[in-house]
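Report on the following structure.
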Amino acid sequence: GINWLSIIGVMEDQGYTDPRFATFKQIKEHDGNVKKGSKGTHVVYYVPVYEDGTEDHSADDNPTRKIKFLLPKTYTIFNLAAQTEGLDLPPLDIPKLDFQPVERCEQIVAGYPSAPPIKHDGLDRAYYRPSSDSIHMPKREHFKSEDEYYSTLFHEMVHSTGHASRLSRSGIIYTAGFGSKGYAQEELIAEIGAAMLCSDAGIEKTIENSAAYIQNWLGVLNDDKTLIVKAASQAESAVNHILGE
């Protein structure tokens, strides 16, 4: 998981639009070169070290040998489209949605009073950034459906209502750490609020996924059912704020 986070972070920072990376050796093997001055990205892999002290780099490890520990090592990789030359790169085959705006959803987005800017620069993830008070989304055509796009946007919009200039929720203004109780409660608020907005807009939000998502964060909260009641109340306040009620 840490490699995914590292690569996504680099892509966002550098503005890379192609998700393909390779090592210096792999690039040379395909008659390419790394552009001069390119700074690579480090990724981690783990090599099994056995009780006799030997390492095994093969994919087919012997199941009869007992692994003593996993030794972390690193590769340096480079973005193929932006940091290399001389490679015959096939075009990316990414299916794109023929996005059709949903009128009621657009009304909700446009009617959000004193809304933060919505930037479609999030590559493959959506997030709200409290420090800049801005919502970041993947491009519309990269979603599987219009409903998925709007439900994701509504989730981030609910997060944004927690900003100090709006409803001043503790999970946003104090930037609760991932996995913490404050983070879990803020995620519950955003998911419940998004479901409310989807209902108002008359679009689908996958109930099974939402229920699993909510149950996951309730687990972090030790199944304290009083907290979901509080989260639902705060979600309603967030929705009312977005709708200008």
With a sphere of radius 13 Å drawn around the Cβ of Pro19, what net charge do the other residues whose Cβ falls strictly inside it have (Lys, Arg +1; Asp, Glu -1)?
-> -2
Which lysines have a Cα lying under 28 Å from the Cα of Lys39, excluding residues fewer than 8 positions away in the same chain?
-> Lys25, Lys28, Lys73, Lys119, Lys139
Arg166, Arg129, Arg20, ranked by accessible area, largest first (probe 1.4 Å) | Arg129, Arg20, Arg166
Round to a whole number: what % of the accessible area of the stretch 6-141 belongs to carbon and sulfur, probe 1.4 Å?
-> 51
What residues from the stretch 124-143 fall in the zone where the backbone N is under 19 Å from a label point 7 Å along the Cα-to-C-beta line of Leu97?
-> 124-128, 135-143
Going by average Cβ neighbours within 10 Å, how do the peptides 132-143, 147-158 rank, with the highest at the top?
-> 147-158, 132-143
Whichever lysines have a C-alpha closer than 17 Å to that of Lys181, once near sequence neighbours (fewer than 8 apart) are set aside | Lys225, Lys230
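The values are calculated or read from the model by the stated rules, or taken from the named source; none is laboratory data. Owing to the predicted nature of the structure, the values given are computational and were not obtained by experimental measurement. So basically every Cβ, Gly included, is an ideal-geometry build from the backbone, and we count neighbours across all protein chains shown. The accessibility values were calculated without ligands, DNA or RNA, using every heavy atom of the protein model including side chains. Shrake-Rupley method; radii C 1.70, N 1.55, O 1.52, S 1.80 Å.
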